[in-house]
Amino acid sequence: MIQYNPNSGRGFTLVELTVVLLLIALLASVSVRETTEFNFQTRYEQTKERLEIIKQAILGNPKQLINDQQAVSGFVADMGRLPGSVRDLLQASACVTAGVATQSSLSECTTAGGTWTWFNTPCTDGISTTSTACSAASGLWLAQQIHPASGLKHGWHGPYLTVSGNPNNSDALTDGWGRMGVNNDYTSTIDESISDYGWNFFELSTLTNSSDDKNFLIIQSFGKDQLPDISYPNPLVENYDNDYPENSYSFVNASFSTYYSSSTIYYPNPTVRKQDWLLDISNGISVTFLKLNKLLPLSFCTDPTKIAKATCSSPDIWYGGCSLPGYYNKTGCEAAGTWSNWTYCSDGASTTKTACETAGKIWYVLGEGFGCSDQINSNKTECISSAGTWRSCSDNGTITTKTDCTNAGLTWLGDDLYQISNALIQPALPTIPNLPICMKIFYRQLDSTIGVLISDENTATPNNEPKFIYPDGSSQTIRFKNFRDKDGNLMNNLPIGSNAIGIYQYDGKDCQTSNVFYPINHQMPMQVDFHPNATLPVINW
């Protein structure tokens, strides 16, 4: 017989239900905390990742290698300076002062009282599409272009970062916590609300007013609380409110309290250090090259110690040959460029001996010179095999035999450059044992245009004095140093990226005016990559 149990359908007691609900609430709170913690960690990692992307946009990606060296790329490699804001990585910018746009650093723009401005067009006039038209319209060309003398590319070639939003919005590239840009009233040069997108972005020297801190860039997130820290972080406590990177230094200035809650500003290690984007050249640059065999010391001035036309001034008279030193025939001289010309007579016009002497002037006895037209090969056989033209007679370059040359009453010079008698050509000129040369470096200036530095062997005076070599046909490694800019200032650091170097023959006047390469078979400066945190190897010129 089946008996009915009245307690078999009994539900939970109130105590049991309370315990179950408490357990569910506890599990839910743990889950919420874990989810929140995970969300915070994600935002923190996003901040770190975005900061690294910004740094790579400035300096290039260190993981992109070419021949085991970091590939040249990034803002600094194109512009030759640090960006004035995060937005400079998204849009081309310029400093506008009294309606005139110039390329400069943010600190220079501040000193000039300008306003940092961004442009959507390659020219600041907003219309021109070529650099020529831009210049004609009195605009400033911002886009990348090629420097004709060095072949270097320079100018803005971004965007260096990709964002989905409008660069003019204050949240175009925030940190992981979403802090939007806020303008600082004390900086009139730039509007941080639409330039730094909430990042703490500044050159360290603007905080400390110390020249030692120039060229160090701070980029920092204010963390979860989106407020700058007013103390050093506790290294034993993980706190998402801490600034990132965390602060390691402080600087005190009473005037800070006008804009901040404290007169003490805390800041981290620089995101971009001076050595990350500037290469120290104070110890010089070494090059190896093959020296051409010594040429006969030629001078066509009545003062035989003056070997260039530019230095042969009154009362001395320039009477023939190439206006630039080192060129011993008309073909090689004229190939040097429009600034070089060949002269037969001291009147600068006569092209025949009769006309020259009839005018009572001095005739250059070597006609169109001697040797190979390429100015490289030292004998007739090598010259002809290289498709060159060899001059053996002091005529116009057409007589090729000694008999014909002497029958014409001219001077036979021979088929080997170094068998030509020094006494035959210039008995009054003593042998000069050494050849003066200089190094020029083409680099990007702060305005992103290409400037030139010139070596100077004398640090006492800014005269760009040359270095001397003995041209004996051997290979030699030489270190050039003391590089000066156009104003004579010594430059010890150059921005990373592709720069260009050239070795030039001293023209007897100034290394700045020297335009002839040594050896003369070079046609253009050599591009050399300057890498961060590295030393330049010996360059094979």
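Here are a few things to note about the model shown:
- For the range 365-402, residues that are at pLDDT 80 or above, among the hydroxyl-bearing types (Ser, Thr, Tyr) and in a loop (DSSP other than H, G, I, E, B) total 7.
- The condition (being buried (at least 16 other Cβ atoms within 10 Å of the Cβ), modelled with pLDDT under 90 and either touching a Leu at 6+ places or on another chain (Cβ under 7 Å) or assigned by TED's automatic domain parsing to the domain that holds LYS440 (or both)) is satisfied by just one residue among PHE300, PHE256, PHE251: PHE251.
- Residue among SER221, SER170, SER195 that is surrounded by 17 or more Cβ atoms within 10 Å (Cβ to Cβ), at pLDDT 90 or above and among the hydroxyl-bearing types (Ser, Thr, Tyr): SER221
- Single condition SER210 does not satisfy, out of (1) farther than 13 Å from ASP88 by Cβ; (2) small (Gly, Ala, Ser); (3) touching a residue at least 24 places away in the same chain (Cβ under 8 Å): (3)
- Single residue of the range 339-364 satisfying the filter (among the aromatic types (Phe, Trp, Tyr) and not in a loop (DSSP other than H, G, I, E, B)) that is farthest from TRP390 (Cα to Cα): TRP363
- Residue check, GLU465 of a type in the set (Asp, Glu), crowded, with 17+ Cβ neighbours inside 10 Å and either without any contact (Cβ under 8 Å) to a residue 60 or more places away in the chain or at positive phi (or both): yes
- Looking across the range 433-445, the residues that are crowded, with 17+ Cβ neighbours inside 10 Å and either at pLDDT below 80 or not aromatic (Phe, Trp, Tyr) (or both) come down to LEU435, PRO436, ILE437, CYS438, MET439, LYS440, ILE441, ARG444, GLN445.
- For the range 116-147, taking the residues that are in contact (Cβ under 8 Å) with a residue 40 or more places away in the chain and in contact with an Asp or Glu (Cβ under 9 Å, 6 or more places away or on another chain), the one that is farthest from SER93 (Cα to Cα) is identified as GLN144.
- Of the candidates ASN5, ASN61, the single residue that is of a type in the set (S, T, N, Q), modelled with pLDDT of 75 or more and either over 19 Å from SER221 (Cβ atoms) or in a strand (DSSP E or B) (or both) is ASN61.
- Tally of residues being more than 18 Å from ILE441 (Cα to Cα) and surrounded by 17 or more Cβ atoms within 10 Å (Cβ to Cβ) across the range 468-486: 2
- All positions within the range 403-416 that are crowded, with 17+ Cβ neighbours inside 10 Å, of a type in the set (A, V, I, L, M, F, W, C) and part of a loop (DSSP other than H, G, I, E, B): LEU410, LEU413
- Assessment of the range 64-78 against the conditions (touching a Ser or Thr at 6+ places or on another chain (Cβ under 7 Å) and part of a strand (DSSP E or B)) yields no matching residue.
- Taking the criterion of being in contact (Cβ under 8 Å) with a residue 40 or more places away in the chain, part of a strand (DSSP E or B), out of contact with any Asp or Glu (no Cβ under 8 Å at 6 or more places or on another chain) and under 19 Å from VAL287 (Cβ atoms), the residues of the range 468-498 that qualify are ILE469, ASP472, SER475, GLN476, THR477, ILE478, ARG479, PHE480, LEU494.
- Residues of the range 356-402 that are touching a residue at least 60 places away in the same chain (Cβ under 8 Å), among the hydroxyl-bearing types (Ser, Thr, Tyr) and crowded, with 20+ Cβ neighbours inside 10 Å: TYR364 alone.
- Single match in SER150, SER107 (criterion: touching a residue at least 12 places away in the same chain (Cβ under 8 Å), assigned to a helix (DSSP H, G or I), closer than 28 Å to ASP529 by Cα and of a type in the set (S, T, N, Q)): SER107
The values are calculated or read from the model by the stated rules, or taken from the named source; none is laboratory data. The model shown is predicted, which means the values in this text are computed figures rather than measured ones. Note that we place each Cβ from the backbone using ideal geometry, even for glycine, and neighbour counts take in every protein chain shown.
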